[in-house]
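The values are calculated or read from the model by the stated rules, or taken from the named source; none is laboratory data. These figures come from a predicted structure and were not determined experimentally. Here the Cβ positions follow ideal geometry from the backbone for every residue, glycine too, while neighbour counts run over all protein chains shown.
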Amino acid sequence: MGELALNRALVAMLRQRVHDHVEWTLQLEEFLQLIEAAGFDVIETVLQTRVKIHGGYMFGRGKLAEIATLVALEDIDVVAVYNVLTSMQKHNLQRELGVPVLDRYEVVLQVFDREARDRVSKLQLELARLQKSYPFIKVIESERLLKERPARRGGRGPGEYAYHAQLRQLRKRIAKVTAELARFRREHQRRMQKRNELGVPMVCFVGCYNAGKTSLFNALTGADKEVSDRPFTTLASKWSKAVHPEMFFVDTIGFALDLDPELISAFQLNLDDMRGSDVVLLVVDLSDPMQLLKMKVRSSLEILQETGVDEARIIVVLNKTDLVGHELTEEVGSFIQEDYGLPSVLVSAETEWNLGELTSGIRRLYNDVGAVPSSSVSS
């Protein structure tokens with residue numbers, strides 16, 4: 001049997017918006033891409049439309065029975081759930097299905113894990129995983145202790161001591177990782193402050209993965225960063241200074257649809273780059289279908305708002321003009337202006353078309369809004 005035989009996945013999704021007939025298909029399609037990027041072979045896909053989430057299992061009992069049957073018939077190794085599960089839901093599903101269950105948060109972590117190369121990325125990834133696993137371990141260990149107690153008379157048994165010891169170890173590890181990241185973060189902020197004092201615009205690329213951020217970064221700086229179709233190939237921010245015009249550019253972590261805010265919050269150094277940049281370029285893939293493009297813009301702007309990026313510092317960069325027609329570029333530009341009131345610039349990172357207009361737009365916006373306050377970096 002090949003390697004994928006050990007990674008046979010069933011994908012399940014709960015759709016709550018019963019009148020949504022388009023967006024859920026795009027969300028599921030992207031999730032399937034992430035599942036495959038995480039190293040799984042998708043064997044079955046199950047959808048349930050249900051307004052109310054089942055508190056114990058996410059899915060209703062009937063759908064749960066259907067999933068359990070497919071897990072057994074198709075020799076499924078893991079069930080990947082599009083929705084974000086509570087610790088209790090994850091535990092109950094694993095107990096009922098007899099296989100590991102991953103939610104969207106954990107699938108993204110799996111993809112991150114494949115791309116993490118440097119110390120900071122690995123630490124931020126570990127912190128995100130620890131923050132996710134801690135409440136889950138409390139749930140399963142608490143249940144085990146409740147089953148154990150009737151068999152003993154008073155006092156603490158060895159299982160209870162082991163339970164508390166395990167939680168202490170986890171808390172200690174979380175504290176240690178957090179402290180180490182805090183040291184990296186302080187040094188990172190000092191370097192950003194030094195760049196800020198030079199009076200040179202700091203410009204950050206953001207947007208969903210595969211929008212062409214790294215290609216644009218390379219075109220503007222002359223750098224030779226790896227460009228790949230894989231999601232989340234940039235976990236640690238990369239800086240480079242352009243001479244003509246003089247600007248600092250930073251390429252940072254990519255977004256995805258419905259990316260969990262708690263997951264993003266673990267990558268504080270990347271968020272510092274976004275908050276601390278004078279101009280933020282939201283890069284959009286013009287070759288995406290219009291509905292998907294709109295969803296990505298909306299999702300990205302929500303993340304930037306939660307991060308604390310000032311909307312007045314954002315320019316939407318409509319990339320990959322070489323792949324689309326003139327009518328579509330006009331339609332997208334109008335949508336950006338009418339729905340969000342943000343400036344936009346058409347470019348092609350591949351052919352380097354209109355990059356001069358982009359850098360002129362960056363300079364104009366920087367002259368209008370000025371340098372970002374240093375206090376914004378550490379907020």
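What's the total number of residues in the stretch 288-329 that are more than 21 Å from the chain's Cα centre (by Cα) and either assigned to a helix (DSSP H, G or I) or among the hydroxyl-bearing types (S, T, Y) (or both)? Within the stretch 288-329, residues that are more than 21 Å from the chain's Cα centre (by Cα) and either assigned to a helix (DSSP H, G or I) or among the hydroxyl-bearing types (S, T, Y) (or both) number 10.
One line per residue, one yes/no per condition, for (1) over 26 Å from R129 (Cα atoms); (2) without any contact (Cβ under 8 Å) to a residue 40 or more places away in the chain:
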residue: Q268; (1), (2): no, no
residue: L271; (1), (2): no, yes
residue: M274; (1), (2): no, no
residue: L282; (1), (2): yes, no
residue: S287; (1), (2): yes, yes
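When residues in the stretch 327-353 are screened for being out of contact with any helix residue (DSSP H, G or I) (no Cβ under 6 Å at 6 or more places or on another chain) and over 16 Å from L293 (Cα atoms), 3 of them pass. Scanning the stretch 124-183 for residues that are within 23 Å of the chain's Cα centre (by Cα) and hydroxyl-bearing (S, T, Y), we see that the one that is modelled with the highest pLDDT is T178.
L328: out of contact with any Pro (no Cβ under 6 Å at 6 or more places or on another chain) and closer than 21 Å to P201 by Cβ, yes or no? Here the answer is no, as L328 does not meet what is asked.
Per the conditions (1) farther than 25 Å from N92 by Cα; (2) modelled with pLDDT of 95 or more, the sole criterion not satisfied by E30 is (2).
Within the stretch 48-76, the set of residues being in contact with a Phe, Trp or Tyr (Cβ under 8 Å, 6 or more places away or on another chain) and of a type outside the set (K, R) comprises Q48, L64, I67.
Across the stretch 224-234, not a single residue is classified as of a type in the set (G, A, S) and either touching a Phe, Trp or Tyr at 6+ places or on another chain (Cβ under 9 Å) or outside the structural domain of V250 (by TED's automatic domain parsing) (or both).
Being of a type in the set (D, E, K, R), surrounded by fewer than 21 Cβ atoms within 10 Å (Cβ to Cβ) and out of contact with any Gly (no Cβ under 9 Å at 6 or more places or on another chain): is that true of D260 here? Criteria met by D260.
Going by the structure shown, is N319 modelled with pLDDT of 95 or more, of a type in the set (S, T, N, Q) and closer than 24 Å to D273 by Cα? It is true that N319 is modelled with pLDDT of 95 or more, of a type in the set (S, T, N, Q) and closer than 24 Å to D273 by Cα. If the condition is being under 21 Å from D260 (Cβ atoms), charged (D, E, K, R) and surrounded by fewer than 16 Cβ atoms within 10 Å (Cβ to Cβ), then the stretch 53-92 contributes no residue at all.
When residues in the stretch 353-377 are screened for being touching a Leu at 6+ places or on another chain (Cβ under 9 Å) and surrounded by 13 or more Cβ atoms within 10 Å (Cβ to Cβ), 6 of them pass.
Starting from residues that are assigned to a strand (DSSP E or B) and in contact with a Phe, Trp or Tyr (Cβ under 6 Å, 6 or more places away or on another chain), keep the ones in the stretch 191-204 and report whichever is surrounded by the fewest Cβ atoms within 10 Å (Cβ to Cβ). Step by step, filter the stretch 191-204, then rank; the result is M202. Please tell me if F248 is assigned by TED's automatic domain parsing to the domain that holds N367, assigned to a strand (DSSP E or B) and either touching a His at 6+ places or on another chain (Cβ under 6 Å) or modelled with pLDDT of 90 or more (or both). For F248, the condition - assigned by TED's automatic domain parsing to the domain that holds N367, assigned to a strand (DSSP E or B) and either touching a His at 6+ places or on another chain (Cβ under 6 Å) or modelled with pLDDT of 90 or more (or both) - is met.
Within the stretch 1-21, residues that are assigned to a loop (DSSP other than H, G, I, E, B) and at pLDDT 85 or above reach partners that are surrounded by 10 or more Cβ atoms within 10 Å (Cβ to Cβ) and β-branched (V, I, T) with beta carbons closer than 6 Å, at six or more positions or on different chains, in the pairs V18/T49.
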